[in-house]
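Below is one structure; the comments refer to it alone.
The values are calculated or read from the model by the stated rules, or taken from the named source; none is laboratory data. All values reported here derive from a predicted model rather than from experimental measurement. FYI the Cβ positions are ideal-geometry reconstructions off the backbone, even for glycines, and counts take in every protein chain you see. Side chains are part of the model used for accessible areas, which takes the heavy atoms of the whole protein and leaves out ligands, DNA and RNA. Shrake-Rupley method; radii C 1.70, N 1.55, O 1.52, S 1.80 Å.
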Amino acid sequence: QYIELDSSDLAFTKEETHAFFNEHHKQDLEHFEIEIIYEKTAGWVAGYQLILEFLRKEKNAHSRSLSLNFFAEIPDMFEYLSKEVFEAESSDAQIFMLKTSLMPELEPSIINQYLEVDNSADTIHYLVQHHVFIGKSELGLIQYHRIFRQFLYERYSRSDQMAIRKDHRRLSEIFRKNHRYIDSFAHAVA
């Protein structure tokens, strides 16, 4: 019999996250730290291994305290995403991913206007089929995995600050024309 597994079937739950770090690996993380890990990684199992290695390297408990932005401090995590995921794709797919990292949801109609293409649905389908840290949310929206989107956004912002500002302005205008004022405002502020 055929059973379809989605990303939630392959991810740790919040309870499993607590058990992994505090019971199995004796890390004594606070509840809020477990929450940060779970929310930022969406239960990504391989990411938990990288986080565990980071925590083990940090001898001083105060210096290893987890903050909302601690993923940038884990060099192995972004290195993994760069080498094993991002750089494995074509340059066209890389540009697509960087530019669409500005968007919380990947909507083909908006992306087509933004990138001035007519095939963004095909690119999204390709990324989904090749398991490039993209999937459907509980609401059925197509999104990048949280940690992968953070990686893409940081990489894009480091490479070209002027382009990212221009792209936010462009998206703001596109959303305004589509009468999506909250999205327009968010990009205008960004």
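Couple of notes before you dig in:
- 12 Å beta-carbon shell around F133, net charge (K/R +1, D/E -1): 0
- Looking at segment 103-190, the pairs of alpha carbons with a distance over 19 Å make up 44% of the total.
- Note, ³J(HN,Hα) from phi for segment 50-57, Karplus 6.51, -1.76, 1.60, rounded to Hz, x at Gly and Pro: 5, 5, 4, 4, 4, 5, 5, 6
- Label-point separation in nm, N178 to S109, each point 7 Å along Cα→Cβ: 0.7 nm
- Computed over protein heavy atoms with a 1.4 Å probe, the accessible surface of the chain works out to 61 Å² per residue.
- Length released on extending from K83 to L10, taking residue separation times 0.36 nm less the Cα-Cα span: 24.1 nm
- Measuring nothing but protein heavy atoms, the accessible surface of the chain at 1.4 Å probe radius is 52 percent carbon and sulfur.
- Cross-link partners of K83 among lysines (Cα-Cα below 19 Å; sequence separation of 8 or more within a chain): K99
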